[in-house]
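For reference, the structure discussed in these notes is given below.
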Amino acid sequence: MDIAWTLFTPWHSLAGGALIGLAASLLLLGNGQIAGISGILGNLLKPEGRAPWRLAFLAGMVLAPLLLWPVMAQIAPSPVETPELNGSTLIRLLAGGFLVGLGTRFANGCTSGHGVCGLARFSPRSLVAVLSFMGAGFVTVALWRLVNGGVSL
Amino acid sequence: MKSTLNALLAGLLFGAGLIVSGMVNPAKVIGFLDLTGQWDPSLALVMASAIGLSWLGVRLAARRSDPACPTDAPARPIDKPLVLGSIMFGIGWGVSGFCPGPAVVATGDLYWPALVVLLGMLPGLAVAGMFGPAQGD
């Protein structure tokens with residue numbers, strides 16, 4: 001394993017993580033809710049799940065890049081790379097997204113619900129979920145590198 | 001109204017955190033998952049910092065002993081849907097470089113790959129949702 005020191009952005013990571021943790025705390029203390037994005041999206045798909053707090057939280061997430069747009073280059077650790085638009089990229093993103101949706105709903109949580117909020121509550125279920133999805137992610141990218149000779153967007 | 005504004009503010013902070021940490025960039029996420037290549041440990045620090053601050057929130061909520069705060073959610077078993085679902089999610093995460101949060105935030109930035117991921121993710125959430133009721137998280 002080689003650590004990519006040139007790509008590693010510790011201060012941005014710590015600051016961004018703190019904002020995410022602050023947001024999760026705010027939602028817990030002010031609304032009594034867990035900041036789990038897959039749960040919020042999944043519930044919004046059903047008429048009975050369309051609570052105002054879910055819509056408001058989602059609206060805040062979508063508005064964040066619009067409000068921060070003028071300072072994006074100053075606050076982001078690196079410019080966001082864009083993959084080439086072609087058939088294989090579209091299929092990869094669609095299939096990947098479908099697996100993310102299916103899996104997070106079955107597991108009742110994703111990187112936010114299990115990874116951040118669940119681990120902060122010392123939930124054994126969340127620990128198992130995090131080890132499972134991180135393990136699967138590591139193996140997937142390692143196989144991708146092995147088959148393709150490298151990984152790119 | 002006040003609680004809706006609170007949720008809006010929380011969503012804004014959450015989105016800002018994903019932007020500042022660089023987690024809206026799928027290349028950076030894949031860089032963390034790329035253990036056998038050039039490994040970028042950034043995501044681990046994002047998680048550590050986010051968990052630390054959330055833990056403070058959980059402690060504060062527990063101190064208030066607010067019954068509305070799910071700090072002592074009933075323990076559910078570690079079952080097959082949890083493990084198999086998480087593995088499915090991990091594969092999709094590795095393939096696309098997106099988990100649900102960044103896909104939502106980057107869509108607000110009109111980043112087309114995020115929109116494509118959401119177009120796949122929403123049917124996935126809907127299909128899995130038909131198998132049983134949502135239980136929070």
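Here are a few things to note about the model shown:
- Between the range B:94-113 and the range A:24-95, the C-alpha centres lie 8 angstrom from each other.
- Ratio of the Cα radius of gyration of chain A to 2.2 N^0.38 Å, where N counts its residues: 1.17
- Within-15-Å neighbourhood charge of B:Trp39 [Cβ basis; K, R +1; D, E -1]: -1
- Only helices enter this figure: runs of n ≥ 4 DSSP H residues, each worth -39500 (n - 2.57), summed and divided by the residues of chain A, yield -21000 deg cm²/dmol at 222 nm to the nearest 500.
- Phi-based couplings in Hz for the range B:8-16 (Karplus 6.51, -1.76, 1.60; Gly and Pro marked x): 5, 5, 4, x, 4, 5, 4, x, 4
- Whole-angstrom Cα spans of chain B along principal axes, big to small: 46, 35, 32
- GNM flexibility winner over chain B from B:Ser21, B:Ser42, B:Ser86 (Cα, springs under 10 Å): B:Ser86
- Here is the list for the range A:1-93: GluC sites (Glu not before Pro) lying in DSSP coil, each with at most 10 other C-beta atoms within 10 angstrom of its C-beta, are A:Glu84.
- Converting the Cα gyration tensor eigenvalues of the range A:38-79 into ellipsoid dimensions via √(5λ) gives semi-axes, longest first, of 29, 10, 6 Å.
- Share of Cα-Cα pairs in the protein assembly as shown lying beyond 35 Å, as whole percent: 9 percent
Each reported figure results from applying straightforward, stated rules to the coordinates on display, with no laboratory input. From a predicted model like this one, the values you see are computed outputs, not experimental measurements. Neighbour counts run over all protein chains shown; Cβ positions are idealised from the backbone, glycine included.
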